[in-house]
1. What order do you get for 117-129, 46-58 when each peptide is scored by the mean count of other beta carbon atoms within 10 Å, highest first?
2. List the residues whose amide H sits under 5 Å from the amide H of residue 58, counting only those 5 or more places along or on another chain, with H placed 1.01 Å from N in the peptide plane.
3. By count of other Cβ within 10 Å, fewest leading, how are 13, 79, 72 ordered?
4. Which distance in nm do the two modelled labels at residue 108 and residue 90 give, with both placed 7 Å along the Cα-to-Cβ direction?
5. In nm², what is the average projected area of the convex hull enclosing the Cα atoms of segment 39-92?
6. I need the shape label for segment 94-141. Rule: rounded when a/c is under 1.5, else prolate if a/b > b/c, else oblate, with a, b, c from the alpha carbon gyration tensor.
Amino acid sequence: MATTRTPKNRRGSPEAIEKRRAARAFNQLLAGKVKATKVDGRTEKRRARLLDELGEGTARGGRALKPIDVLSRVEELLSLGETVASIKKIRRIPRPLRTDADKVELVKRLHAAYGFHPEVYRFVGFGEDALVKAGLVEKPPRSAAKPRKAKARK
């Protein structure tokens, strides 16, 4: 007695759905009609909501964003393909905090726990020196360019 497997939805098995999606994407790509970074409607709405929350400084319900909320929203926006420059237009980067051993240790612990992109920490006030001391970024090499000469005033 052979039993037929009933699909989880009306469109068939997940494999069949993936086949149709792959074929559709393949056809659109070869026809030249698809962008490199296409997102669905839900993802676009989430991206817009995250940008709004960062700009206003409040989460849904009017609660003010905590620093960890800012970090997680910026990290998610970066993963959705948003650029740091476009996020800076929405939320300004605060002046860097003074760097002391406690703050450096805190950044190390936070990075070990969450694994945020190093650029994200700048949105809550950790500057280049704190990130270098924490070992998240390398110190940029000194420029080999010649220093500018001051113009003589007349």
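1. With the highest mean Cβ count within 10 Å placed first, the list reads 117-129, 46-58.
2. The answer is 65.
3. Details: 13 13, 79 9, 72 16.
Lowest to highest Cβ neighbour count: 79, 13, 72.
4. 3.3
5. Values: hull surface 14.2 nm².
For segment 39-92, averaging the hull's shadow over all directions gives 3.6 nm².
6. Numbers: a/c = 1.22, a/b = 1.12, b/c = 1.09.
Rounded is the answer for segment 94-141, as its axis ratio a/c remains below 1.5.
Since every read-out is calculated from the coordinates, none of them should be taken as a lab result. The model shown is predicted, which means the values in this text are computed figures rather than measured ones. Cβ atoms come from the backbone with ideal geometry, glycine included; neighbour counts cover every protein chain shown.
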